[in-house]
Amino acid sequence: MSILSDKHLLLGVTGSIAAYKAADLASSLTQAGAQVDVILTPAAEKFVPPLTFQSLTGRRAFTETELWGGEAHILHVGLGHSANLMVIAPCTANTLAKLAHGIADNLLAITGLAARCPILLAPAMDVGMYEHPATQENVRILTQRGVVFAGPGEGRMASGLEGRGRMLEPAEILGHIRVALGRGGPLSGRKVVVTAGGTQEPLDPVRVLTNRSSGRQGYALAQAAVDAGAAVTLIHTPTGLTPPVGARLVAVRTAEEMLGAVLSESDGAAALLMAAAVADFRPKRAAPDKLKKGAGIPQLELQAAPDILAALAGSRSRPRCVVGFAAESRDLIANAASKLAAKKLDMIAANDITAPDAGFEADTNRVTLLYADGRQEALPLMSKSEVAETIVAKLGMLLETP
Ligand code: CTP
């Protein structure tokens with residue numbers, strides 16, 4: 001998660017039972033390489049002690065005691081000035097109201113008022129409190145000022161009641177943090193379309209012809225493009241993966257559906273990253289009813305599925321940069337080079353699917369990048385996230401070249 005490495009985050013924790021989840025968030029952010037300074041309100045300390053955060057972040061967690069200590073004058077402005085982002089999770093109705101109205105009666109509220117960095121709030125409050133006109137008005141005021149909200153979600157509260165006001169899960173807040181940090185990144189202002197997963201071609205209402213693509217490389221590309229500030233559309237088949245926060249999702253199943261989605265979504269896009277494993281062949285006919293064993297072994301008649309990249313090459317909605325992916329089991333470079341030329345690509349990422357540490361179901365990938373101008377770059381073995389970040393960085397460079 002290079003978007004988080006070396007970033008300085010300020011994590012405010014307020015007095016809600018969801019405060020225990022803030023410990024998980026502090027831990028994930030720290031593990032992703034961020035420096036996390038935590039400020040607890042007096043009410044938050046009743047739920048989770050500062051020691052928990054200190055142990056997880058390896059840094060001091062600030063409390064009200066520090067506000068009245070010797071370093072107070074540096075602290076209350078200093079923390080908010082040096083951070084890349086201030087996150088308050090959970091953010092109670094009380095703290096939300098203080099921020100909206102400039103009330104600065106504790107270290108966190110003072111820091112919020114003095115902060116020069118963007119602020120992201122993850123509200124947590126009981127049913128009715130979030131919907132209350134007073135809170136809604138405070139949300140409106142803060143949104144107008146550029147404060148970003150992550151949630152709240154709907155669900156069961158600690159009180160046993162159901163409704164809107166539940167803090168988002170830490171993983172989801174982390175996704176919102178990535179979106180906030182990515183703003184103004186190298187791809188900001190650009191639309192990037194990403195395809196991911198293996199297409200499914202129906203044989204009958206229960207059976208499909210598909211392939212072993214997990215969708216992981218495509219989802220990692222979508223996340224890397226979000227991190228780079230792009231407006232991302234992720235066209236995906238059913239994968240069971242959690243999509244990146246901030247990406248617009250278009251769900252498809254067949255090659256035909258993916259073709260339609262790619263053609264319409266590519267309009268106005270700067271780039272297409274075509275990581276999906278698209279069927280080359282599909283059953284000529286899908287049986288309207290389930291094929292029964294008793295009727296004997298069916299003879300499958302196949303026909304060609306549409307070649308999406310080939311169709312896009314001749315279309316008016318072709319984005320400025322089109323990147324293909326070649327999964328090969330032999331003659332990797334020669335096959336990838338001929339796909340690059342035939343599909344009129346700007347770049348193709350080739351990987352050898354026979355290597356145990358690369359390809360379909362692995363967490364890692366070993367990729368060689370081939371460019372339209374004949375350049376080749378062999379990347380070392382990397383995680384799929386690192387491969388994605390590298391490809392997105394190269395895409396940024398391609399889009400910059402006149
Ligand atoms: N692709 C596509 N439409 C298809 C098949 C593939 O747009 N019907 C895209 C893939 O998403 C990928 C690139 O083309 O970005 C190369 O895919 P690959 O399956 O390696 O190549 P094919 O063209 O299918 O060639 P072959 O099956 O002969 O290797």
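The values are calculated or read from the model by the stated rules, or taken from the named source; none is laboratory data. Please read these numbers as outputs of a predicted model, since none were measured by experiment. Counting neighbours? That spans all protein chains shown, and the Cβs are built from the backbone with ideal geometry, glycine included. All accessible areas refer to the heavy atoms of the entire protein, side chains included, with ligands and DNA or RNA removed. Shrake-Rupley method; radii C 1.70, N 1.55, O 1.52, S 1.80 Å.
For residue 215, indicate whether it is open to solvent by less than 40 Å² (accessible area, probe 1.4 Å) and touching a His at 6+ places or on another chain (Cβ under 8 Å). Criteria met by residue 215.
When the stretch 287-308 is filtered for residues that are closer than 21 Å to residue 252 by Cα, open to solvent by 50 Å² or more (accessible area, probe 1.4 Å) and away from the ligand (no atom under 16 Å from the Cβ), only 288 remains. The residues of the stretch 164-187 that are among the acidic types (Asp, Glu) and assigned to a helix (DSSP H, G or I) amount to a single one, 172.
Within the set 77, 87, the sole residue that is surrounded by fewer than 20 Cβ atoms within 10 Å (Cβ to Cβ) and assigned by TED's automatic domain parsing to the domain that holds residue 27 turns out to be 77.
Filtered by the rule that a residue be farther than 20 Å from residue 255 by Cα and away from the ligand (no atom under 12 Å from the Cβ), the stretch 317-336 gives 320, 321, 333. The strands (runs of 3 or more DSSP E) located wholly in the stretch 309-402 that include 3 or more residues which are open to solvent by 50 Å² or more (accessible area, probe 1.4 Å) occupy 376-378. Applying the criterion of at least 2 residues that are modelled with pLDDT under 95 to the strands (runs of 3 or more DSSP E) found wholly in the stretch 40-156 leaves 153-156.
Filter the stretch 353-363 for residues that are modelled with pLDDT of 75 or more and within 12 Å of the ligand (Cβ to nearest atom) and give the result. Within the stretch 353-363, just 353 meets the criteria.
When the stretch 264-279 is limited to residues that are farther than 22 Å from residue 202 by Cα and open to solvent by 30 Å² or more (accessible area, probe 1.4 Å), the one that is nearest to the ligand (Cβ to nearest atom) turns out to be 264.
Could you please give the count of residues in the stretch 250-263 that are of a type in the set (A, V, I, L, M) and open to solvent by 40 Å² or more (accessible area, probe 1.4 Å)?
Total satisfying the criteria: 2.
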